[in-house]
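Novice: Got a structure for you, written out below as structure tokens; questions coming shortly.
No value in this document is a laboratory result; all are computed from the given coordinates. Just so you know, these numbers come straight off a predicted model, no measurement behind them. Note that each Cβ is placed from the backbone with ideal geometry, even for glycine, and that neighbours are counted across all protein chains shown.
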């Protein structure tokens, strides 16, 4: 997934990797439970960004150099 925008179809695959594609309401509930920020796409689905997904996972997409000091928000407890 190198795209910066995650489409409804991509979110469906993340929500239910195997089996039939989940309905929009199922994907919305899944995104809310995972604390993934999303927007409605105007076609009955939702979309999000990799940045929003990373934020929900607690990871930073910020590049780290050898001279960077560790940041408390980048550390996993």
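Novice: Suppose we keep only residues that are assigned to a helix (DSSP H, G or I) and surrounded by 13 or more Cβ atoms within 10 Å (Cβ to Cβ) within the stretch 52-62. Which one would you say is nearest to the chain's Cα centre (by Cα)?
Specialist: Among those that are assigned to a helix (DSSP H, G or I) and surrounded by 13 or more Cβ atoms within 10 Å (Cβ to Cβ), it is 53.
Novice: On to the next question. Could you please find all residues in the stretch 26-42 being farther than 12 Å from residue 12 by Cα, surrounded by 12 or more Cβ atoms within 10 Å (Cβ to Cβ) and in contact with a helix residue (DSSP H, G or I) (Cβ under 8 Å, 6 or more places away or on another chain)?
Specialist: The answer is 34, 36, 37, 38, 41.
Novice: What number of residues within the stretch 1-34 are closer than 19 Å to residue 51 by Cβ, without any contact (Cβ under 8 Å) to a residue 40 or more places away in the chain and outside any helix (DSSP H, G or I)?
Specialist: 2
Novice: Within the stretch 14-25, work out how many residues are surrounded by 12 or more Cβ atoms within 10 Å (Cβ to Cβ) and over 17 Å from residue 56 (Cα atoms).
Specialist: Matching residues across the stretch 14-25 total 5.
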